[in-house]
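Asks: Quick one: structure below, then a few questions.
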Amino acid sequence: MKIPFLNFEPQHALVKKEMTAAFEEVYAANWFIMGKRLVDFEMAYAHFNGTKFAIGVSNGLDALYLSLKALGIGEGDEVIVPSNTYIATALAVSYTGATPVFAEPDILTYNLSAEQVRKAITLKTKAIMPVHLYGQACEMDELMNLAQSHGLFIVEDNAQAHGATFNGQMTGSFGILNGVSFYPGKNLGALGDAGAITTNNFHLAQKIFSLRNYGSQTKYKNEVIGHNMRLDELQAAFLCVKLKHLEQWTAQRQEIASWYQSELEGTGDLVLPYVHPGATHVFHLYVVRTAYRNELQNYLSDAEIGSLIHYPIPPHLQEAYQGMGFKKGDFPIAEELAATSLSLPLWPGMSRAQVSEVCETIKAYFNEG
Ligand SMILES: Cc1ncc(COP(=O)(O)O)c(C=O)c1O
């Protein structure tokens with residue numbers, strides 16, 4: 001059986017009628033930017049996320065950048081980011097003129113820990129950006145305490161963890177401003193680029209409302225040098241539809257992860273995802289680790305099973321950041337994760353038989369090897 005890495009079909013089949021109606025509604029309204037659907041989605045997402053505000057923007061990277069910019073972070077400042085994140089987290093810092101400072105993740109959760117962040121704090125540090133990687137909430141209590149004791153902002157990168165919690169509180173509601181992505185493959189995905197900033201802070205929310213729209217809240221009145229980083233009506237309308245199904249899709253992701261967990265336990269040298277007792281994991285990705293990663297990926301590919309690597313090159317070794325002068329060995333945990341991680345197929349609606357097929361193929365690889 002051919003198994004892709006990701007298959008939108010079960011989700012799309014479920015919402016097709018509602019999505020078509022949403023399209024027709026926007027089409028008939030003849031209003032495509034900054035209208036009713038955006039406000040509807042912002043209210044619905046804020047309600048879902050347990051924050052006072054959600055501000056729709058163009059994508060997750062812009063959400064992170066605008067958050068830092070609204071906090072006044074810029075040249076001469078440092079912002080701590082995980083050494084194993086997707087490059088967008090670091091890019092958002094670079095856009096402001098500040099310097100991304102990499103801190104190693106915890107080897108069990110793959111998330112930033114207060115212990116590692118503490119070592120990276122200097123007099124120039126202004127903010128910490130925890131990334132809830134693969135869908136698991138970071139240990140936010142310790143990170144919040146650390147930030148508070150050093151007078152630092154927390155800006156969560158919640159691109160991968162819609163609906164995850166730490167000690168019962170949702171990711172995207174801890175930081176002063178937080179960025180979320182609705183890139184199509186995310187747990188809540190638009191049919192194009194989309195993102196949002198979540199916050200409880202009224203003044204910062206007003207600032208972002210303005211910054212995302214040419215620095216303007218009243219037409220043709222520009223208070224600051226802003227951007228065009230808006231979320232359009234069509235994507236907002238699609239997101240309103242899909243948001244209603246998110247909890248059900250998250251539950252499906254978690255069930256699929258539990259099937260993988262029980263079937264793969266004890267296979268070869270596989271390291272399966274570890275979930276911290278205070279955290280929930282919404283399994284944006286199901287990532288295993290093995291010293292034989294490349295060989296296993298090829299074996300799966302020969303069996304027509306898709307898999308991906310998140311991420312093969314950590315940000316400090318990317319050409320884009322070569323100017324920072326890092327070399328191999330500077331962040332050994334991130335480099336180890338980049339060398340050994342493999343994301344297995346997972347999508348809401350994936351069947352138990354498909355999961356079993358993936359697991360049987362992985363077991364066959366280890367038995368043959
Ligand atoms: C951890 C992380 N941060 C930020 C982003 C940026 O989101 P977007 O692609 O919507 O700009 C992504 C997704 O691509 C991501 O995975």
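Asks: Please go through the residue pairs Lys17/Lys219; Lys119/Lys207; Lys36/Lys244; Lys52/Lys219; Lys17/Lys52; Lys186/Lys219 and name each one whose alpha carbons sit more than 28 Å apart in this structure.
Replies: Check vs 28 Å cut-off fails for Lys17/Lys219; Lys119/Lys207; Lys17/Lys52; Lys186/Lys219.
Asks: Also: List the longest stretch of the chain that has no exposed loop site; here a site is one of the trypsin sites (Lys or Arg not before Pro) assigned by DSSP to anything other than H, G, I, E or B, with at most 16 other Cβ within 10 Å.
Replies: 125-218
Asks: If we count other beta carbons within 10 Å of each Cβ, what is the order of His132, His310, His47, fewest first? Before the final figure, lay out the partial values.
Replies: Values: His132 29, His310 18, His47 12.
Going from least to most buried by this count: His47, His310, His132.
Asks: Right, here's the next one. Only Cα pairs under 8 Å and at least 6 apart count here; give the relative contact order of segment 246-368 as a rounded whole percent.
Replies: Result for segment 246-368 is 36 percent.
Asks: All other residues with a Cβ under 12 Å from the Cβ of Gly278 taken together, and with Lys, Arg as +1 and Asp, Glu as -1, what is their net charge?
Replies: -3
Asks: Now for a separate question. Using a cut-off of 19 Å between alpha-carbon atoms, which lysines can reach Lys2, once sequence neighbours fewer than 8 places away in the same chain are excluded?
Replies: Hits, sequence-local ones excluded: Lys363.
Asks: Find the centroid of the Cα atoms in segment 79-122 and in segment 1-76, then give the distance between the two in whole Å.
Replies: Cα centres, segment 79-122 to segment 1-76: 26 Å.
Asks: What order do you get for Leu64, Leu38, Leu108 when you list them from fewest to most C-beta neighbours inside 10 Å? Numbers along the way, then the final one.
Replies: On the way: Leu64 35, Leu38 22, Leu108 12.
Fewest-to-most ranking of Leu64, Leu38, Leu108: Leu108, Leu38, Leu64.
Asks: Still on this model: Given Leu211, Pro345, Pro10, which one lies farthest toward the positive end of the charge dipole of the chain, if we put +1 on the Cβ of every Lys and Arg and -1 on the Cβ of every Asp and Glu?
Replies: Going by the Cα projections, it comes out as Leu211.
Asks: How do Asp62, Asp40 rank when sorted from fewest to most other Cβ atoms within 10 Å of their own Cβ? Each step should come with its number before you reach the end.
Replies: Working: Asp62 28, Asp40 15.
Ranked by crowding around the Cβ, least crowded first: Asp40, Asp62.
Asks: Given +1 on the Cβ of Lys and Arg, -1 on the Cβ of Asp and Glu, and no further charges, what dipole in debye does the chain carry about its Cα centre, rounded to the nearest 20?
Replies: 1100 debye
All of the numbers you see were taken from the coordinates with simple rules; none came from a lab. All values derive from a computational prediction rather than experimental measurement. Heads up, the Cβs are rebuilt from the backbone with ideal geometry, glycines too, and the neighbour counts pull from every protein chain shown.
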